[in-house]
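What follows is calculated from the coordinates using simple rules that are stated; it is not laboratory data. Predicted, not measured: the structure shown is a model, and the values here were computed from it. Neighbour counts are summed over all protein chains in view; Cβ atoms, including those assigned to glycine, are modelled from backbone coordinates with ideal geometry.
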Amino acid sequence: MLVVALTGGIGSGKSTVAQNFAELGALVIDADQLARMAIERGTDGFADVLLRFGDEVILNGDIDRKKLAEIVFSDEKARKDLEAIIHPRVQALFAQAVADLELDDILIYEIPLLVETGAAEKFDYVVTVESDIELRKARLLKKGLYISQIEKRMASQASEEARTAIADAVIRNDGDEDSLLRQVENLWESVLLPQSLG
Ligand code: ADP
């Protein structure tokens with residue numbers, strides 16, 4: 001089995017690459033999805049968020065993630081408290097997913113903040129998707145994001161240099177989606193499949 005981290009800045013093409021890997025036969029999970037599961041209604045993570053932040057972060061019985069994001073964005077202590085609730089639970093969910101792997105599985109873990117969380121060592125292999133910054137902005141604008149949001153997110157993320165420095169492979173997504181798929185297929189066939197077989 002092989003546990004692969006897939007990182008890259010916002011708009012670089014990570015989700016597209018993850019989708020390509022899934023079509024080739026990988027199991028794909030996403031750190032953001034685990035972070036949502038960690039505080040889902042009915043979990044003890046949910047109860048801890050309620051205890052720490054109160055009713056104002058609840059909307060129709062669920063956690064109002066937008067409201068929570070607003071609070072922690074402007075309050076460092078609140079951000080740390082929320083991370084202390086979410087982080088260990090994400091770790092546990094990830095560990096469970098790894099424990100459930102079969103011998104010939106390849107798990108792709110989509111983790112935007114790999115550099116920022118210092119978790120690269122946990123993986124057998126690290127892939128980063130990199131793309132020209134103007135192309136990334138154009139793709140995200142097309143998806144309906146505002147330029148102010150895009151630039152704020154980009155500024156809060158690690159640099160291309162920092163991601164590339166911890167990566168075993170770099171996928172460059174400056175061409176069309178076919179060229180992206182070809183790189184993913186090539187990495188799958190010539191590196192990941194052979195490595196997963198030991
Ligand atoms: P990320 O997950 O890194 O934020 P996505 O995979 O969601 O990036 O890609 C951002 C947007 O750009 C999506 O709408 C996606 O369909 C589009 N996209 C990604 N790669 C390409 C490409 N090579 N050519 C055209 N559009 C692309």
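Based on the mean of other Cβ atoms within 10 Å per residue, sort peptides 178-191, 66-79, 102-115 so the most packed one is first. Let's see the in-between values first.
On the way: 178-191: 15.3, 66-79: 12.6, 102-115: 19.4.
Packing order, densest peptide first, comes out as 102-115, 178-191, 66-79.
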- [ ] For the range 157-172 and the range 1-44, write down the distance between their C-alpha centroids in whole Å.
- [x] 17
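Taking a threshold of 21 Å on the Cα-Cα distance, which of the pairs Lys122/Lys152; Lys14/Lys152; Lys14/Lys77; Lys67/Lys122; Lys67/Lys142; Lys14/Lys67 fall above it? Mind dumping the intermediate values first?
Values: Lys122/Lys152 28 Å; Lys14/Lys152 19 Å; Lys14/Lys77 30 Å; Lys67/Lys122 32 Å; Lys67/Lys142 25 Å; Lys14/Lys67 26 Å.
Long pairs (Cα-Cα over 21 Å): Lys122/Lys152; Lys14/Lys77; Lys67/Lys122; Lys67/Lys142; Lys14/Lys67.
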Task: Under Karplus coefficients 6.51, -1.76 and 1.60, residue-wise ³J(HN,Hα) of the range 36-43 in Hz, glycine/proline x - done: 6, 4, 4, 10, 5, 3, x, 8
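Quick one: if the Förster radius is 22 Å, what FRET efficiency do Asp62 and Gln96 give, using the C-beta to C-beta distance and rounding to 0.05? Don't skip to the end; give the middle numbers.
Values: r = 23 Å, r/R0 = 1.04.
Calculated transfer efficiency: 0.45.
Run the dipole for the chain about the Cα centre, Lys and Arg Cβ at +1, Asp and Glu Cβ at -1, nothing else charged, and hand back the magnitude in debye, nearest 20.
Numbers: 22 positive and 36 negative charges, 138 e Å.
The dipole magnitude comes to about 660 debye.
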Task: Two-decimal Rg/Rh across the range 84-181, once Rg and the Kirkwood Rh are taken from alpha-carbon atoms - done: 1.00
Open item on the list: Can you compute the equivalent ellipsoid semi-axes for the range 2-192, i.e. the square root of 5 times each eigenvalue of the Cα gyration tensor, sorted largest first and rounded to whole Å?
Closed with: 30, 22, 14
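Expressed in nm to one decimal, what extension gain is obtained for the pair Thr117 and Ala47 from 0.36 nm per residue of sequence separation less their Cα-Cα distance? Show your work: numbers first, answer last.
Working: separation 70, 0.36 × 70 = 25.20 nm, distance 2.47 nm.
Working it through step by step, the gained length comes to 22.7 nm.
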